[in-house]
Amino acid sequence: MLRNSSQSYGRVARALHWLCALAVIAALVFIELKGNFPKGDPVRGGLSYAHIQAGLIVLLLVVPRLAWRLGNPPPGITPRPSPLMKLLAHAGHWALYALMLALPILGIAFIQARGGEVALFGLALPAMLAPDPAFGRQLKDAHELLGNVLLWLSILHAAAAVWHHRFVKDDTLTRLIGPLR
């Protein structure tokens, strides 16, 4: 089943969710590992490159994911959550979407504002900004701050799914991954 049903997410939604999750995790891991190497070390440069590529992949995946989400309502949760839980879940999901859009765009912008070029696997992206190192530093600070927000919101998102499965005993998690034995 490609499309979402009333009981579970379809294959497309599941694939886009997990591909986005893997790309976000990769971007976070690469940037965290980068700090373990001194400036000028080729491994540090490679990790920076990998971080940028993962971030660009997130951007490429989140656009169709949002389009699919808007055209395929998510399945309902059984038993139905309280209005507050539903509100918190919706706010968390839309915040994750916003961050998956904003972070790559901020990353591209700060690199370009610092005079650098951004390329996806060798294909240069068009310049959005003229070089402005001071503005680039502000954009980088915003990118790093929102990256930390994404990290903690992702952890909270995963923990909430497990909490719903183990303690609330609803089908929040199984709608996305199938029945657990």
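The values are calculated or read from the model by the stated rules, or taken from the named source; none is laboratory data. Keep in mind that what you see is a predicted model, and the values were worked out from it rather than measured. Because the Cβ atoms are built from the backbone with ideal geometry, glycine has one as well, and the counts that use them run over all protein chains shown. Side chains included, ligands, DNA and RNA excluded: accessible areas come from the protein's heavy atoms. Shrake-Rupley method; radii C 1.70, N 1.55, O 1.52, S 1.80 Å.
Contour minus end-to-end for Val149 and Ser48, with contour as 0.36 nm per residue of separation and end-to-end as the Cα-Cα distance?
34.4 nm
If you take all C-alpha pairs in segment 1-82, what percent of them are over 15 Å apart?
64
Please compute the per residue accessible area over segment 52-181 with all protein chains in place, 1.4 Å probe, rounded to a whole number of Å².
61
When the Cα centres of segment 19-39 and segment 43-58 are compared, how far apart do they sit, in Å?
Cα centres, segment 19-39 to segment 43-58: 7 Å.
Does anyone have the angle between helix 42-71 and the longest principal axis of the chain? Alpha-carbon axes, 0 to 90°, nearest 10?
So the helix axis and the longest Cα principal axis differ by about 40 degrees.
Ignoring ligands, DNA and RNA, what percent of the 1.4 Å accessible area of the chain is carbon and sulfur?
Carbon with sulfur: 71 percent of the solvent-accessible area.
Nearest 10 degrees is fine. How inclined is helix 11-34 to the longest principal axis of the chain, computing both from alpha carbons?
Roughly 40 degrees between the two axes.
What are the lysines whose alpha-carbon lies under 28 Å from the alpha-carbon of Lys169, with same-chain residues fewer than 8 places away excluded?
Lys86
Would you tally the net charge around Ala54, using a Cβ to Cβ cut-off of less than 14 Å, leaving Ala54 out, and scoring K and R as +1, D and E as -1?
0
Could you point to the label whose value was computed as Rg and Dmax of the Cα atoms in Å for the structure here, given [x] 17.3, 58; [y] 18.4, 55; [z] 14.9, 47?
The value matching this structure is [y].
Out of Ala15, His143, Leu61, whose Cα points farthest toward the positive end of the dipole of the chain (charges: +1 Lys, Arg; -1 Asp, Glu; placed on Cβ)?
After comparing all options, I get Ala15.
Which order do the peptides 161-174, 95-108 come out in when sorted by mean C-beta neighbours inside 10 angstrom, highest first?
Taking the mean over residues of other Cβ atoms within 10 Å, the ranking is 95-108, 161-174.
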